[in-house]
Amino acid sequence: MSDFAVGPRVLLKRLREFMAEPLEPQDRLDHIVREIARNMVAEVCSLYVLRADGVLELYATEGLNPGAVHTAQLRLGQGLVGTIASSARALNLADAQRHPAFTYLPETGEEIYNSFLGVPVLRAGRTLGVLVVQNRTQRIYREDELEALETTAMVLAEMIASGNLANLARPGIELDLRRPASFEGACFSEGVGLGHVVLHEPRIVVTNLFAEDTAAEIRRLETALGSLRLSIDDMLSRSEVASEGEHRAVLEAYRMFAHDRGWVRRLEEAIHNGLTAEAAVEKVQSDMRARMMHVSDPYIRERLNDFDDLANRLLRQLMGRSPEDAAADHPRDAIIVARSMGAAELLDYPREKLRGLVLEDGAVTSHVVIVARAMGIPVAGQVKGVVSMAENGDPIILDGDEGTVHLRPQAEIEAAYAEKVRFRARRQELYRSLRDQPAVSKDGVRFELLMNGGLLVDLPQLEDSGAAGIGLFRTELQFMVAATFPRAEEQERLYRQVIEAARGKPVTFRSLDIGGDKVLPYFSNATVEENPALGWRAIRLTLDRPGLFRTQIRAMLKAAGGKALKIMLPMVTDVEEIRAARELINREVRHLSKFAHLLPTSLKLGAMVEVPALLWQLPELMRAVDFISVGSNDLFQFVMAADRGNALVAERFDPISVPFLRVLRQIVQAAEAGHTPVTLCGELAGRPVTAMALCGIGFRSISMAPAAIGPVKAMITELDVDKLSRVMDDALAQPNRTDIRSLLGAFAETHTIPL
Ligand code: PEP
Ligand code: MG
């Protein structure tokens, strides 16, 4: 029975020497396999590397026929080696040839060997190859031998990943690490981005693998684990972590993992085998990821993510690295790839370097997506598996229109997209030329095209897009990206900057619209709501917390001193709520005038039409306000009873189908009858075809993401509104339902209207 000649620590030491010597890559590999064989008293040691075409190629061997190197090949899943690679699990067999997956490769001459131990070569959970030892005698390899081989495989993974073996590949054949990969996700924000991957939570690359002093490494691990546990306890004890809820559940899971005996034992074992503490964390994590990658149970996958986060935290502790260090050297064309991220985190990236955002999770209406859209960057969401396949710096193409992502794209795809980008640039040129022209239709009808905003980053777009003003300023975004409630002065400062940037163009500030899906981490609702969209949110919440509302109103009144001010209330259900809000606003006006503050020259109060109950109070509503704005996102979700954030139902019904257009037309007609200005500020306003439907039923003012203004204006300038209105009136009057989308498509085609 064979045994370790000198033990894994000596083996690692020898490998380190080979890495330092100025050897040709093939010589280095040959030395390494020979050394492993000698050390493990194995007659054979072979390394197979996974190529981009899914073939495992023999790259080096001690013991098998040397002529088989670079010629012996197995496909993923084929033979023992292919099975190890596809399952990412080790195989330890006393009689390999009796294993059902055994495939005989005559060129290798391996028929005389019986026992077989093979491990996957892993990096960040991806399989890059397979490392095998074989012996003639029938034996089962011991646990410590398996551990030693896995540790050695880690060194080889580093060699493969760092591109060390690239020039050993035959011309035209790429290693798997460089394999192009495409992903289908969902469109969250339109546009195309070409650039390089920036992993939002970069895997920390451990380059210091070998330890001199095991005892010192164990102490480092213990210290780091101690601080990790303390930091989790600290997070748990902070008052803003509610006593229940998802955030707490995640932290509790972290705490459990950080104390997990099995995890700690595996880390210690890896250090005893000669790795540094950080290399041990990486090894254990990589093994775990590879084994769990194939699990589809969402609960387990979620826990895997938790474990990943924890391992990353531990690595940061060990390497004394802060996330900011990584931020310093982003490429100039960064496409951020993240599992999920907060809106504030996106704002930490320099805007001028951002070309796009790719999320594994997320929903169209998640905060980070709203912010990304406001910044005009393309976003693809629900792109499953992209994080583990991407490496920092990989070339990447993001097609926000389609929701697709191409990682390490091939030249043809790159060329096709470069063409698409050029085409878009030409269109942008056209929009820019329209920027200073009024939005007037072919038959002379004038439209007001406003933009939606909510953050300082939006303001330059007011000028660039040629918007007539800000139709919806979502004040809650400032609250959502902050760590605590923004103080009164901070609110006032932002509003003042907005008004100044608008240079006399109108701005409509919406009062705080929090609750529902817009949660503030530092302000949690004590009761768990079963239906948060129908719950304690927006005007309901602010009327119950008048202090919050009055602080905000006062900040607006002060910021607009000497200028016109427009305020709009979200989620109004009952006209009474408008009167109650007006009462509070008037109190603030009185308060400020008592202290001789400069007041706005005019104050207009409006309400958003988002709750269907208002449809049966339209005349009273018109009398109670100075203007209305239809929040079509919410109104549609309530009219259709279809959750706007739930991918299963969000796109089930068409907002420009007959029933919803009838609802919208009714609102416009009531506004006209009451001489009340009306606008619409949901996503419907921002696509040329849906905006065209709105024009056709009587809207003359709409507010949208700034990037949409150009395309919508281009549509309007080619439109005969009178003709379209007649077509729409006719369609909406029909008892047999017309497909409005096709109708508009045909209309646009006949009249050469760009959609
Ligand atoms: C809407 O509901 O249409 C709207 C504009 O408000 P928000 O999207 O912020 O809820
Ligand atoms: Mg809304």
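Quick notes on this one:
- Qualifying residue in segment 696-714 (condition: outside any loop (DSSP other than H, G, I, E, B), within 16 Å of ligand 2 (Cβ to nearest atom), in the same structural domain as Ala748 (by TED's automatic domain parsing) and over 16 Å from Ala607 (Cβ atoms)): yes
- Only a single criterion out of (1) in a helix (DSSP H, G or I); (2) among the hydroxyl-bearing types (Ser, Thr, Tyr); (3) closer than 22 Å to Phe653 by Cβ is not satisfied by Thr738, namely (1).
- Scan of segment 476-497 for residues that are among the aliphatic types (A, V, I, L, M) and either outside any loop (DSSP other than H, G, I, E, B) or buried (at least 17 other Cβ atoms within 10 Å of the Cβ) (or both), ordered by number: Leu477, Met480, Val481, Ala488, Leu494
- Residue check for Ile567: touching a residue at least 12 places away in the same chain (Cβ under 8 Å), more than 16 Å from ligand 1 (Cβ to nearest atom) and either assigned by TED's automatic domain parsing to the domain that holds Pro677 or hydrophobic (A, V, I, L, M, F, W, C) (or both): no
- Restricting segment 464-475 to residues that are surrounded by 21 or more Cβ atoms within 10 Å (Cβ to Cβ) and farther than 15 Å from Ile702 by Cα, the residue that is nearest to ligand 2 (Cβ to nearest atom): Arg474
- Qualifying residues in segment 461-485 (those that are touching a residue at least 40 places away in the same chain (Cβ under 8 Å) and more than 26 Å from Leu541 (Cβ to Cβ)) - the one nearest to ligand 1 (Cβ to nearest atom): Ala467
- When segment 548-574 is filtered for residues that are in contact with a His (Cβ under 7 Å, 6 or more places away or on another chain) and assigned to a helix (DSSP H, G or I), only Lys558 remains.
- For segment 621-649, filtered to residues that are surrounded by fewer than 18 Cβ atoms within 10 Å (Cβ to Cβ) and aliphatic (A, V, I, L, M), the residue that is farthest from ligand 2 (Cβ to nearest atom) is Leu648.
- For first residues located in segment 681-703 and on the phi < 0 side of the Ramachandran plot and free of Cβ contacts under 8 Å to residues at least 40 places away in the same chain, partners that are part of a loop (DSSP other than H, G, I, E, B) and within 16 Å of ligand 2 (Cβ to nearest atom) and lie 6+ apart or on another chain with Cβ distances below 7 Å form the pairs Gly686/Ala705; Thr690/Pro655.
- Restricting segment 560-601 to residues that are of a type in the set (Gly, Ala, Ser) and on the phi > 0 side of the Ramachandran plot, the residue that is surrounded by the most Cβ atoms within 10 Å (Cβ to Cβ): Gly562
- Residue in segment 504-516 that is within 16 Å of ligand 2 (Cβ to nearest atom), hydrophobic (A, V, I, L, M, F, W, C) and in a strand (DSSP E or B) present: yes
- Verdict on Gly547 being at positive phi and more than 16 Å from ligand 2 (Cβ to nearest atom): no
- Looking only at segment 623-634, and only at residues there that are within 15 Å of ligand 1 (Cβ to nearest atom), in a helix (DSSP H, G or I) and not hydroxyl-bearing (Ser, Thr, Tyr), the one that is nearest to the chain's Cα centre (by Cα): Asn633
- Members of segment 575-622 that are assigned to a loop (DSSP other than H, G, I, E, B) and in contact with a helix residue (DSSP H, G or I) (Cβ under 7 Å, 6 or more places away or on another chain): His597, Leu599, Pro600, Glu610, Val611, Gln617
- Test: residue in segment 364-375 that is aliphatic (A, V, I, L, M) and not in a helix (DSSP H, G or I): yes
- Just one of the numbered conditions (1) over 25 Å from the mean Cα position of the chain (by Cα); (2) surrounded by fewer than 23 Cβ atoms within 10 Å (Cβ to Cβ); (3) polar (S, T, N, Q); (4) more than 30 Å from Arg432 (Cα to Cα) is not true of Gln552: (2).
- Search result, residues across segment 716-728 that are in a helix (DSSP H, G or I) and within 42 Å of the chain's Cα centre (by Cα): Ile716, Thr717, Val721, Leu724, Ser725, Val727, Met728
- The single condition among (1) in contact with a Ser or Thr (Cβ under 9 Å, 6 or more places away or on another chain); (2) outside the structural domain of Arg123 (by TED's automatic domain parsing) that Ala157 does not meet is (2).
- Consider segment 498-524 and keep the residues that are touching a residue at least 24 places away in the same chain (Cβ under 8 Å) and among the acidic types (Asp, Glu). The one that is nearest to ligand 1 (Cβ to nearest atom) is Asp513.
- Residues of segment 79-115 that are outside any loop (DSSP other than H, G, I, E, B), touching a Lys or Arg at 6+ places or on another chain (Cβ under 8 Å) and either modelled with pLDDT of 90 or more or among the aromatic types (Phe, Trp, Tyr) (or both): Gly82, Ser115.
- The test for being within 16 Å of ligand 1 (Cβ to nearest atom), touching a residue at least 60 places away in the same chain (Cβ under 8 Å), more than 20 Å from Arg510 (Cα to Cα) and small (Gly, Ala, Ser) holds for Gly645.
- Residues that are more than 16 Å from ligand 1 (Cβ to nearest atom) and of a type in the set (A, V, I, L, M, F, W, C) within segment 353-374 comprise Leu354, Leu357, Val358, Leu359, listed in sequence order.
The values are calculated or read from the model by the stated rules, or taken from the named source; none is laboratory data. Remember, predicted model here, so these are calculated numbers, not experimental data. Note that each Cβ is placed from the backbone with ideal geometry, even for glycine, and that neighbours are counted across all protein chains shown.
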